[in-house]
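**Q** So that we are looking at the same thing, I have put the structure below in structure tokens.
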Amino acid sequence: MAENGEEKLIAVARHIAKTLGHTDTMTDDILQIFSNFDNRFREKLTDDQPLERTLKSLHRQISRHLSAQHHIWSDSAESAAFLDSVDQLLAIIHEWNPMANDKSVSVSLDKADDLLQQAMFRLQDEFTTLMQRASESVDLTRHQNGGNNLGDYYESEEEEVDDDDDDDDNEIPIAHPVTDYGILIEALPAGIISDLHEIAKRMVAAGYEKECSHAYSVSRREFLEESLSRLGLQKLSMDQVQKMQWNDLEDEIEKWVKAVNVALRILFPSERRLCDRVFFGFNSVSDLSFMEVSRGSTIQLLNFADAVAISSRAPERLFKVLDVYEALRDLMPEFELMFSDQYCVLLRNEALAIWRRLGEAIRGMFMELENLIRRDPAKTPVPGGGLHPITRYVMNYIRAACRSRITLERVFEEIVVPSASAVDYRDGDDRALSSSSLAVQMAWIMELLESNLEAKSKIYKDSALLAVFMMNNERYIVQKVKDSELGLLLGDDWIRKHAAKVKQYHVSYHRSSWSKVSGVLKIDNNAMSPTGASRSLKEKLKLFNSYFEEICKTQSTWIIFDEQLKEELRNSVAGSLSPAYRNFIGRLQSNNDSGRYAERHIKFSVEDLEARIFELFQGSSGSGGGRK
């Protein structure tokens, strides 16, 4: 470099002479004066092409490398020599650029730029070759050295890694998915990363950072895409996702949830670290390269979630959509961490927007549930007054939904999500439940369901059966609320109010079914001849037997799904009817006129009566009142 410095000094002297000299003769005189200071400068000051001579020397050195038919980085000495020549060329261009206005210097710099461009193209090829060869050997090296990997097998019930793939020498190495996300992939050997960094430094210094970034991203993008494929994720368009059969889409969602977690927690962080190491000191190039590497895979993941968000809002899809929503929610901090630079911020914003759309889809599914309840027709009564299918469906649905209560709280409370910087993605555990948006939503669904059931109950012509129908369904609703997170949402007052409704229907049933029977057993104590009293008792007993047998025959086929409620009803009937019947039978037997023949008219003993009562509500095949 001492020689280059001397040549630069001479060039400066020549430049001064040309600037001060108004004619060629004056310029020559000034150069002669400079040469008189030191005889060493005499020959060089009269030499018009010091830059040209240096470039010719560098051209010979660099051309030898450019014409090589082998991989330069297969020989460390050769690669070091090539980089040294490139460094010299860069230094010459940098040193002579201030004098580019000089015609002769400008011509030489053009030649230098051409040579530099050829060197950069070869460096780009070498960079690409290093990436490819490192990728071909990285899996084998990792297994031999016991380095970090993502596990040997994919934990899936449906598919396993094909052992035959291990024999394919051209296969792109990929990370096998697992559920332990606390690892990073050592994507390339440290020595290769160092070589790539040295090449990147020269290409960035020469202004070829985009070409270097492109060479890097092509190779690593292929790695990511193959990794997602191995995770079971298909490349599906949004239209294909929307047209997919629901059973197939459920399977794809399960694969997507696993894939997006591996991508955001293992693959992308590993790629981010590799970018930062290869392009160390060049943050903008590192950011650009990471964006180019991860953009395709990120868009693939986000498009799937978006397609799910804008697909059918049928209520039965809620639970899988919740899986997608929760997966994105849990990964938003990772999006914030890795996609916040100038190149990736659009991807982060898109992830946030899709997360919001998934929340809108979830709210839409509850609206569809409301419509389903409203539209459910009141045409055919449930046999035996048992549980109506709409009751079972709605209660099991919202009971299952409330297992994701914290998620649903956020969905319903934050209809308008604040800006990304203000979003707390994982809060919710300590929220007050009273008067929450989700509680209001659930109470409204309960009200719609009860209104629908009341309309359906009007189909029953028998008021007692109407009461049994409402009692069954109200009891089922209360039990489902008490035994789940719904109880926390709706509160104790709601539960007490609706438990009281069950009791009211109980009273209504008893009054509709048994008041007439009990009335027959009432004894008129007014003055009556013994013969008249005997005749009255016999007629009442005959009437009682008729009523009782008719009720037992009818109500034995009715259904009470809840065993405790069934026992309560039977005990209630027996508790009110048995004493009255015992008293009536005793009065009949004590009557002088009829007592001798009382047994002829007594069809049921008190024990028989109670036995028949405890055969009520046995149901019949097809009554459909079982509890689930």
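**Q** Obtain the nm distance between the two label points defined at Arg535 and Asp84 by a simple spin-label model: each point lies 7 Å from its Cα along the Cα-to-C-beta direction.
**A** 14.0
**Q** Which pairs in the list Lys516/Lys553; Lys458/Lys516; Lys379/Lys456; Lys456/Lys553; Lys56/Lys210; Lys458/Lys553 are over 18 Å apart, alpha-carbon to alpha-carbon?
**A** Beyond 18 Å: Lys458/Lys516; Lys456/Lys553; Lys56/Lys210; Lys458/Lys553.
**Q** Quote to one decimal, in nm, the extra length available between Gln69 and Ser590 on full extension: 0.36 nm per residue of separation minus the C-alpha distance between them.
**A** 174.9 nm
**Q** Here's something else I'd like to know. May I ask you to derive the FRET efficiency for His94 and Ile183 from their Cβ-Cβ distance with R0 = 41 Å, giving the value to the nearest 0.05?
**A** Efficiency, from the Cβ-Cβ distance: 0.40.
**Q** Note the full-extension length gain between Asn583 and Arg133 as 0.36 nm times their separation in residues minus their Cα-Cα distance, in nm to one decimal.
**A** Length gained between Asn583 and Arg133: 151.8 nm.
**Q** For Lys497 and Ile523, FRET efficiency with R0 = 35 Å and r from the beta-carbon atoms, rounded to 0.05?
**A** It comes to 0.30.
**Q** Extension gain Glu550-Arg357, at 0.36 nm per residue separation less the Cα-Cα distance, in nm?
**A** Answer, rounded to one decimal: 63.5 nm.
**Q** While we're on this one: Along the Cα-to-Cβ line of Lys235, 7 Å from the Cα, sits a label point; which residues in region 273-308 have backbone N less than 13 Å from it?
**A** 296-301
**Q** In whole Hz, with x marking every Gly and Pro, tabulate ³J(HN,Hα) for region 563-571 from phi via Karplus 6.51 cos²θ - 1.76 cosθ + 1.60, θ = phi - 60°.
**A** Once rounded to whole Hz, the list reads 4, 5, 5, 4, 5, 4, 5, 4, 5.
**Q** Quick one: 3J(HN,Hα) in Hz for region 234-248, Karplus 6.51/-1.76/1.60 with θ = phi - 60°, rounded, Gly and Pro as x.
**A** 7, 7, 10, 6, 4, 5, 5, 5, 5, 8, 6, 4, 4, 4, 5
Each reported figure results from applying straightforward, stated rules to the coordinates on display, with no laboratory input. In this text, all values refer to a predicted model and were calculated from it rather than measured experimentally. With ideal geometry, Cβ positions are generated from the backbone for all residues, glycine too; neighbour counts draw on all protein chains shown.
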